[in-house]
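Accompanying notes for the structure given below.
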Amino acid sequence: MQKKTFKIVVIGVSAGGADALEQIITKLPASFPLPVAIVQHLHPEQGGYIAEHFNRLCQLNVEEVIDKTAIKRGNIYFAPPDYHLLVEDDSTFSLSVDEKVCYSRPSVDVLFKSTADVYGASTLAIILTGANSDGTDGIEYIKDKGGTTIAQDPATAYSPIMPQSAIDTGKVDKVLTLTKISNILQVIVAAKNI
């Protein structure tokens, strides 16, 4: 991967996501220098369980976003169920109840596109296991804005549809196992990439 300065990591995940995320975000050290925003497809009534669960397991602060949450380095942010998560120019998140995208709200595409509009080439996007094509348009958009894109190796995914759909665009820089994705994020820490 080329040497780049990243300002944000965005992750999109669906079916099998909790296990995949556990192999990545729980390994981030307290010194991780970037914000991490995650869309995990959840049932609308699941509440803040996933953020609470990972907050107990991670060295970083993990929270479910509320509207106008400030984006801070070294924090992990989850989209709340049934709300799209967007990145704003003023370094905050916003929430939307606009129509579902790829049958999903929150939508990976919505997060990825809004992040690319703000952070452009400083975006690192990761698409993981999932059972639909949400995130595919967002991966293309991020790549077109100069960002870096990674997909989980579909052969290692609980559900290969989401990463494979992204790979099929030809806009994915790296196809990696979860362990190798975690290793890439450790390189960011070692480089103090901010």
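The values are calculated or read from the model by the stated rules, or taken from the named source; none is laboratory data. The shown structure was predicted, so the numbers you read here are calculated from the model rather than taken from an experiment. Every residue, glycine among them, receives a Cβ derived from its backbone with ideal geometry; neighbour counts consider all protein chains shown. Accessible surface is based on the protein model in full, side chains and every heavy atom, while ligands, DNA and RNA are left aside. Shrake-Rupley method; radii C 1.70, N 1.55, O 1.52, S 1.80 Å.
Here is how the numbers come out for the structure above:
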quantity: Loop-exposed GluC sites (Glu not before Pro) per DSSP, neighbour cap 15 Cβ within 10 angstrom, longest uninterrupted part of the chain; calculated: 100-194
quantity: Entries in K7/K68; K145/K174; K100/K145 that, when Cα-Cα distance is taken, lie over 22 Å; calculated: K100/K145
quantity: Under the span-like rule (Cα at least 18 Å along the axis, Kyte-Doolittle mean at least -1.0), DSSP H helices of the chain; calculated: 178-191
quantity: Cut-off 11 Å between beta-carbons: net charge of the residues surrounding Q152, Lys and Arg +1, Asp and Glu -1; calculated: +1
quantity: The range 88-194: trypsin sites (Lys or Arg not before Pro) falling in loop per DSSP and having at most 13 other Cβ within 10 Å; calculated: K192
quantity: The chain - percent relative contact order, Cα under 8 Å, separation 6 or more; calculated: 24 percent
quantity: Neighbourhood charge, 14 Å Cβ-Cβ cut-off, centred on L128 and excluding it, Lys, Arg +1 and Asp, Glu -1; calculated: -2
quantity: Solvent-accessible area, 1.4 Å probe, carbon plus sulfur percent, for the range 27-102; calculated: 47 percent
quantity: For the chain, accessible area per residue (1.4 Å probe, heavy atoms of protein chains only), Å²; calculated: 43 Å²
quantity: Stokes-Einstein D in µm²/s, Kirkwood radius over Cα pairs - the chain at 10 °C with 1.306 mPa s viscosity; calculated: 100 µm²/s
quantity: Around Y77: net Lys/Arg minus Asp/Glu count, Cβ-Cβ under 10 Å; calculated: -1
quantity: Extension gain (nm, one decimal) between A70 and D117, 0.36 nm per residue minus Cα-Cα; calculated: 15.2 nm
